[in-house]
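Asker: Next up is a structure, given as structure tokens.
Just so it is clear, none of the values below were taken in a lab; they were calculated from the coordinates. Because the structure is a prediction, the values reported are computed rather than measured. In this analysis, Cβ positions are derived from the backbone assuming ideal geometry, glycine residues included, and neighbour counts consider all displayed protein chains.
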Amino acid sequence: MNAVSHKLGENIMGKGIIQKVLEKHIIESKYKPGEEIGIHIDQTLTQDATGTMAYLQFEALGILHIKTELSVSYIDHNTIQIGYENADDHRYLQSIADKFGIYLSRAGNGICHQVHLERFGKPGKTLLGSDSHTPTAGGLGMIGIGAGGLDVAVAMGGGPFYLTCPKTVKINLKGKLKPWVSAKDIVLKILDIFSTKGNVGIAFEYGGEGVKTLSVPERATITNMGTECGVTTSVFPSDSITRSFLKAQEREQDWKPLQADTNAEYEKVIDIDLDEIIPLAAAPHSPDNIKTIEELEGIHVNQVCIGSCTNSSYKDLMTVAHILKGKKVHPQVSFVVSPGSKQVIENIIQAGGLTNLFSAGARFTEPVCGFCIGNSQSPLNEAISLRTSNRNFLGRSGTKSAKVYLVSPEIAAAAVITGKITDPRNLGIKYPQVEIPEKFYIDDSLIIPPPKTPKKIEIYRGPNIGTPPSNPPFPENISGFVTIKVGNKVTTDHIVPAGSKMKYRSNVPKYAEFVFEIIDDTFFTRASKIRDNGKHNIIVAGLSYGQGSSREHAALGPMYLGVKAILAKSFERIHTANLINFGIIPLTFQSDENYDALETGDQIEIHQAREHLKKNESFPVKNITKGTKFQAVYHLSERQRNILLAGGLLPYTKQTSKK
């Protein structure tokens with residue numbers, strides 16, 4: 001594979017897709033890569049794990065009705081209802097949807113990204129979601145961006161969404177994939193090129209003749225997992241293939257053409273020849289730990305999980321169903337299938353795929369996030385698990401000792417049969433060609449539209465539903481201790497766990513008990529003691545802190561525990577925004593030596609922190625324990641600094657709305 005990188009000429013004035021869409025939606029500032037812009041959001045989505053807090057925050061804003069074109073609340077994460085907490089949250093979400101004019105996709109209807117692609121996404125529109133994989137909608141030519149729930153709440157209220165205007169990298173696809181190589185292999189190749197760090201402020205735009213060979217579900221797989229690179233969004237053109245997909249969904253009226261100008265200007269262009277891509281996998285414990293299947297072939301497998309928002313479409317599951325026709329699951333393999341939506345299930349039933357999968361020995365779950373977020377189907381101790389999902393962080397599966405490999409549906413199906421990692425090209429069977437139906441069977445009965453006429457709605461609040469914790473204004477001085485020091489590529493899964501603990505996301509004091517549990521299960525006790533003694537907690541981190549999920553609880557939990565600053569070598573985009581939203585300043589080291597010199601337990605003082613922030617000055621950090629000093633920097637807009645000074649986005653929004 002040759003990835004060719006080159007700069008384009010200075011005199012090219014054409015526009016790419018991302019520039020065209022963003023320019024039409026900018027309401028504050030101008031389109032200038034690297035500068036902060038405020039954009040209008042057409043649609044929002046939430047899921048129940050992040051949505052409950054987002055709607056609590058929306059209530060706190062005091063707005064009587066959503067001001068977007070469309071907002072959808074999905075229940076797709078916490079559907080394993082052990083105890084009352086999840087059921088209570090779902091009842092709350094339904095009452096909120098009725099009161100404020102939001103569509104509700106009920107539990108069992110499907111994963112938010114798959115359903116939004118099917119039923120709501122529109123080319124050329126903007127979508128803000130409280131889930132990091134919201135860029136999945138880019139498979140339709142939509143600008144989808146993941147954000148924290150508070151940012152989504154503000155957007156639902158008609159406020160701008162602020163972001164750094166991205167520098168666009170064009171990924172030029174040439175040629176056509178060979179049999180047994182799929183869209184998952186394309187995005188794994190992209191992760192091999194770009195890695196999971198160092199891409200903040202970048203967006204991917206796809207083009208080239210190879211685009212025409214990919215269906216909308218294949219494009220959505222690629223835009224979905226572009227999130228793992230840390231980019232702002234990923235987008236494909238809206239073309240005749242997009243139109244055919246929307247027509248099959250009985251939504252052809254939502255189609256509009258969207259192409260880049262032939263002389264469009266980009267930060268960089270990367271050429272990828274699809275003919276040269278081979279079957280790949282992401283080995284433990286990072287999506288960018290890319291290996292060829294040839295390197296891994298022969299490793300015995302204990303579990304295969306097919307589905308999640310990355311690879312759970314009709315095309316994905318019918319491909320697997322054809323491969324497994326007449327075959328049986330290997331006796332040492334637990335085989336789990338999680339379809340992307342109710343619609344996918346109904347259509348594979350009609351096509352005969354469900355029979356093939358059941359006959360092979362598949363265990364089916366609801367169309368939910370399930371195994372991807374570790375709240376079901378955790379593998380056995382020390383297991384090897386092959387999954388078609390998008391993340392394989394340490395412990396995310398629910399079994400800390402397990403080793404998770406991210407693979408295509410084709411590779412997953414081959415392991416179901418053989419019980420080991422197998423190059424599917426060696427199965428000795430003909431590669432199935434699955435066509436997208438000209439018309440899908442559609443049943444939207446599990447989508448509840450908002451009432452057409454306003455009515456009095458009583459919002460249901462169970463005992464697990466609290467209120468968003470308040471935060472005082474930014475302190476005059478930061479005085480406390482380094483409560484934990486972590487290394488590079490710490491994810492939001494490391495900061496706050498998913499899985500069975502997610503049922504406490506509407507109860508921040510309880511959920512905060514699990515902050516950093518996977519790294520150091522004594523953190524909560526230590527941080528609580530420091531907070532209760534009137535001191536601040538400070539976190540020290542390496543490169544790419546806050547990778548992964550958009551979950552704002554990775555900032556909410558630390559805020560509740562009295563964290564006021566995080567010193568890191570670098571931060572990821574969504575987590576940076578979430579930290580600012582909850583009054584925690586993201587500070588950056590100017591040298592690795594300053595990071596190396598700090599240790600857990602060091603007493604830290606930052607005098608006149610509030611005054612330095614007002615003046616946009618670097619922070620003088622004094623290590624009382626070591627008797628050393630250094631300067632920490634930040635790169636924040638005036639708006640972001642004002643949010644921090646107010647104590648977070650919620651008090652800032654209330655203050656500015658009164659003016």
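Asker: Would you please give the residues with an amide H less than 5 Å from that of residue 536, counting only those at least 5 places away or on a separate chain, with H modeled from the backbone geometry?
Answerer: Here the answer is 479, 480, 481, since their amide H atoms fall under 5 Å of that of residue 536.
Asker: Starting from the range 22-112, pick out the GluC sites (Glu not before Pro) whose DSSP state is loop and whose Cβ has at most 14 other Cβ atoms within 10 Å.
Answerer: Within the range 22-112, the qualifying GluC sites (Glu not before Pro) (loop, at most 14 other Cβ atoms within 10 Å) are 35, 69.
Asker: Next up: Taking only C-alpha pairs under 8 Å that are 6+ residues apart, what is the relative contact order of the range 280-426 in percent?
Answerer: 35
Asker: Could you rank the peptides 45-56, 414-425, 527-538 by their average count of other C-beta atoms within 10 Å per residue, with the highest value first? The partial results should precede the final answer.
Answerer: Details: 45-56: 28.3, 414-425: 22.1, 527-538: 18.0.
Ranking the peptides 45-56, 414-425, 527-538 by packing returns 45-56, 414-425, 527-538.
Asker: Given a cut-off of under 8 Å on Cα pairs at least six residues apart, what relative contact order in percent is computed for the range 422-579?
Answerer: Values: 204 pairs, mean separation 37.5, N = 158.
Over the range 422-579, the number comes to 24 percent.
Asker: On full extension of the chain, what length is gained from residue 294 through residue 27, given 0.36 nm per residue of separation minus the C-alpha to C-alpha distance?
Answerer: Working: separation 267, 0.36 × 267 = 96.12 nm, distance 5.03 nm.
Extra length from residue 294 to residue 27 when fully extended: 91.1 nm.
Asker: In whole Hz, with x marking every Gly and Pro, tabulate ³J(HN,Hα) for the range 218-225 from phi via Karplus 6.51 cos²θ - 1.76 cosθ + 1.60, θ = phi - 60°.
Answerer: 5, 4, 5, 4, 6, 5, 4, 8
Asker: Given labels modelled 7 Å from the Cα in the Cβ direction, how far is it in nm from residue 452 to residue 631?
Answerer: With each label placed 7 Å out from Cα toward Cβ, I get 6.5 nm.
Asker: Among DSSP beta bridges lying fully in the chain, give the percent that are antiparallel, nearest 5.
Answerer: Around 35 percent of the beta bridges assigned by DSSP in the chain are antiparallel ones.
Asker: While we're looking at this one, here's another question. Could you give each residue of the range 322-330 its phi-based ³J(HN,Hα) in whole Hz, using Karplus coefficients 6.51, -1.76, 1.60 with θ = phi - 60°, and x for Gly or Pro?
Answerer: 5, 4, 8, 4, x, 9, 10, 5, 4
Asker: Among bridges DSSP assigns within the range 513-624, what percent are antiparallel (round to 5)?
Answerer: If I count the DSSP bridges inside the range 513-624, around 15 percent turn out antiparallel.
Asker: Rounded to the nearest 5, what % of the DSSP beta bridges within the range 280-426 are antiparallel ones?
Answerer: Percentage antiparallel, nearest 5: 25.
Asker: Let me ask something additional. Using modelled amide H (1.01 Å from N, peptide plane; none on Pro or chain starts), what sits under 5 Å from the amide H of residue 308, excluding residues fewer than 5 places away?
Answerer: Excluding prolines and chain starts, which carry no amide H, the hits are 338.
Asker: Moving to a separate point now. Can you order the peptides 131-144, 437-450, 505-518, 221-234 by their average number of other Cβ atoms within 10 Å per residue, highest first?
Answerer: Per-residue Cβ counts within 10 Å, averaged per peptide and sorted highest first, yield 131-144, 221-234, 505-518, 437-450.
Asker: Between residue 521 and residue 429, 0.36 nm times their residue separation minus their Cα-Cα distance comes to what?
Answerer: Working it through step by step, the gained length comes to 28.2 nm.
Asker: Could you pull out every residue, at least 5 positions away or on a different chain, whose amide H is within less than 5 Å of the one on residue 168? Hs are placed 1.01 Å off N in the peptide plane, and Pro or chain starts have none.
Answerer: 203, 267
Asker: So how compact is the range 440-518: Cα radius of gyration and Dmax in angstrom?
Answerer: 20.1, 61
Asker: Each residue of the range 367-379 in order: what ³J(HN,Hα) in whole Hz does its phi give by Karplus 6.51 cos²θ - 1.76 cosθ + 1.60, θ = phi - 60°, with x for Gly and Pro?
Answerer: Per-residue couplings from phi come out as x, 9, 5, x, 4, 5, 9, x, 9, 6, 6, 5, x Hz.
Asker: Under 20 Å Cα-Cα from residue 456, which lysines qualify once same-chain neighbours fewer than 8 residues away are excluded?
Answerer: 67, 99
Asker: At 222 nm, what value in deg cm²/dmol follows for the chain if DSSP H runs of at least 4 each add -39500 (n - 2.57) and the sum is divided by all its residues, to the nearest 500?
Answerer: Helices in the chain give a 222 nm mean residue ellipticity of -8000 deg cm²/dmol.
Asker: One-quarter of the Cα convex hull surface for the range 531-659, in nm²?
Answerer: The orientation-averaged projected area of the Cα hull of the range 531-659 comes to 8.2 nm².
Asker: Run the numbers on the chain and let me know its relative contact order in percent, using alpha-carbon pairs under 8 Å that are six or more apart.
Answerer: It comes to 15 percent, rounded to a whole number.
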